[in-house]
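Remarks on the structure that follows.
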Ligand SMILES: Cc1cc2nc3c(=O)[nH]c(=O)nc-3n(C[C@H](O)[C@H](O)[C@H](O)COP(=O)(O)O)c2cc1C
């Protein structure tokens, strides 16, 4: 069966480099045979995680929608901006809300559980946001996903993308292709089992 992969940039900034990386990853994943959905968190606005809010009004509908979407895919490709060497609040907040989901109606439901996750980052700096991925990896393992070893960091991001959305640099492109290949391979094993 064709693996279904959700591609999700952790930035809503106009002209976001990570949204550009998400577009490049989507092209690569589709080219390698995956069934790809790419979303924007701008379409799923969420309040800051707040346990009082959770206890009073429940998990926000957009978090539930995201949870269902995540669970409908075997893999997730996260494109993560680096903020002060770590995970940006937009992404962490979304991950946290989805991690609080335990039920959908009367059935137990943990959307992150068992998903395969690939990480990418893009920054105009020299390191391409790779330091932040250490933290994202740790968070994603904690919520129950299986994060693959391969990852892709895009440095000099302002000048890294071709007009058609692909990466200009051959080595970075190979890193992205390899990350996508591994994610698809892991997801295919999951789909087959
Ligand atoms: C609060 C804050 C902290 C940042 N810290 C880092 C950093 O540690 N390393 C880095 O490479 N870029 C850092 N940046 C710059 C981001 O990489 C840059 O804003 C990037 O464009 C964000 O990703 P986006 O283009 O997908 O929105 C920081 C930006 C902000 C707003």
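Coordinate-derived values only; no laboratory data. Values in this document were obtained by computation on a predicted structure and should not be read as measured data.
Every helix of 4 or more DSSP H residues in the chain counts as -39500 (n - 2.57), and over all residues that averages to -13000 deg cm²/dmol at 222 nm.
Using only the Cα atoms of the chain, build the gyration tensor, take square roots of its eigenvalues as a ≥ b ≥ c, and label the shape rounded, prolate or oblate: rounded if a/c is under 1.5, else prolate if a/b is larger than b/c, else oblate. Verdict is oblate for the chain.
Computed from Cα atoms, the angle from the helix 17-31 axis to the main principal axis of the chain rounds to 80 degrees.
In summary, region 67-131 shows an alpha-carbon radius of gyration equal to 1.31 times the 2.2 N^0.38 Å reference for compact globular proteins. The C-alpha atoms of the chain define a longest principal axis, and helix 130-142 lies at about 30 degrees to it. Note on residue 35 and residue 61: the extension gain reaches 6.8 nm, defined as 0.36 nm multiplied by sequence separation minus the Cα-Cα distance.
Taking Cα atoms only, the orientation of helix 170-192 departs from the longest principal axis of the chain by about 40 degrees. Using the Cα gyration tensor of region 35-106, with a ≥ b ≥ c the square roots of its eigenvalues, what is the shape: rounded (a/c below 1.5), prolate (a/b larger than b/c) or oblate (neither)? Oblate is the answer for region 35-106, as a/c is 1.5 or above yet b/c matches or exceeds a/b.
Looking at the chain alone, DSSP beta bridges between its own residues are antiparallel in about 15 percent of cases.
Work out, in µm²/s and without decimals, the Stokes-Einstein translational diffusion coefficient of region 82-166 at 10 °C, 1.306 mPa s, Rh from Kirkwood over C-alpha pairs.
Working: Rh = 14.2 Å.
My calculation gives 112 µm²/s for D.
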